[in-house]
């Protein structure tokens, strides 16, 4: 894990893992909040876990302390923070109303999330750096949490629990699908119009400031639908071209 010459563990190697541990810790606290019926608090813990999860890898690369242990630890923490925590939030807020079906979908979310992580770990060296194959488990966790927040916030959503149920099931299957999603890890701002990007980001952050739950839900759901819509478009265009050439 990065011992020094005198055999003692260098503290710098612990820093990224501390952020990973914080992410897992918040996931467990989020599960406890869901059990107590504090769904908004549980969702906030999931969002905070996302922040710590994003920091651990960047700090490891910045300090050149990446390690196989850190990668494995990160995946195990993700199972808790972005698999178990959102699954429990979904089950205790909505899923329990559907009995065994709700329990099944909560369990599938965790299982498919684990498969998604395992596939990513195996393919990470060969996959395209600009896309994710399947919805990343942190994204699925955030989308699920935001949907629950919308359900809790608006009274008109009462009676539409089946929509949350179906959406949660679709999320689980999208994690193990071959639908491609942009990763935003290697954006080339040199080719982009800087002023246009600045305006878009300003508008986005303004909406999040004014309507945090609504706008955040809109943007993460739009990201989710983008992959499905793009995949459908490519499929039907390819099918149309194939039929055109065959006729």
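The numbers here are math on the coordinates, done by the rules we state, and not lab data. Computed from a predicted model, the values in this text were never measured in an experiment. So basically every Cβ, Gly included, is an ideal-geometry build from the backbone, and we count neighbours across all protein chains shown.
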The range 85-148: mean projected area of Cα convex hull, nm²:
4.5 nm²
In the range 43-165, if every C-alpha pair distance is counted and binned at 5 Å from zero, what percent goes to each bin?
2, 10, 19, 21, 19, 12, 8, 6, 3, 1, 0
Report the residue, chosen from 179, 234, 220, that carries the largest GNM mean-square fluctuation when the chain is represented by alpha-carbon nodes joined by springs under 10 Å.
234
Choice from 200, 13, 91 showing the highest fluctuation, given a GNM over the chain with Cα pairs closer than 10 Å
200
For the chain, what is the mean residue ellipticity at 222 nm derived from helices alone (per DSSP H run of n ≥ 4: -39500 (n - 2.57); sum divided by total residues; nearest 500 deg cm²/dmol)?
-24000 deg cm²/dmol
Inter-label distance for residue 213 and residue 170, nm, one decimal - labels placed 7 Å from Cα along Cα-to-Cβ
2.1 nm
Reciprocal of mean inverse Cα separation for the chain (Kirkwood radius, Å):
19.7 Å
Using 0.36 nm per residue of separation minus the Cα-Cα distance, give me the extension gain between residue 35 and residue 178 in nm, one decimal.
48.1 nm
What is the fewest-to-most order of 149, 222 by other Cβ atoms lying within 10 Å of their Cβ?
222, 149
Output needed for the range 129-182: three equivalent-ellipsoid semi-axes, defined as square roots of 5 times the C-alpha gyration tensor eigenvalues, in descending order, whole Å.
26, 11, 7
Length gained when the stretch residue 123-residue 156 is fully extended (0.36 nm per residue, less Cα-Cα span)
7.6 nm
Just want the ordering: 36, 180, from fewest to most Cβ atoms lying within 10 Å of their own Cβ.
36, 180
Candidates 75, 49, 67: whichever shows maximal mean-square fluctuation once the chain is modelled as a Gaussian network with Cα springs under 10 Å:
67
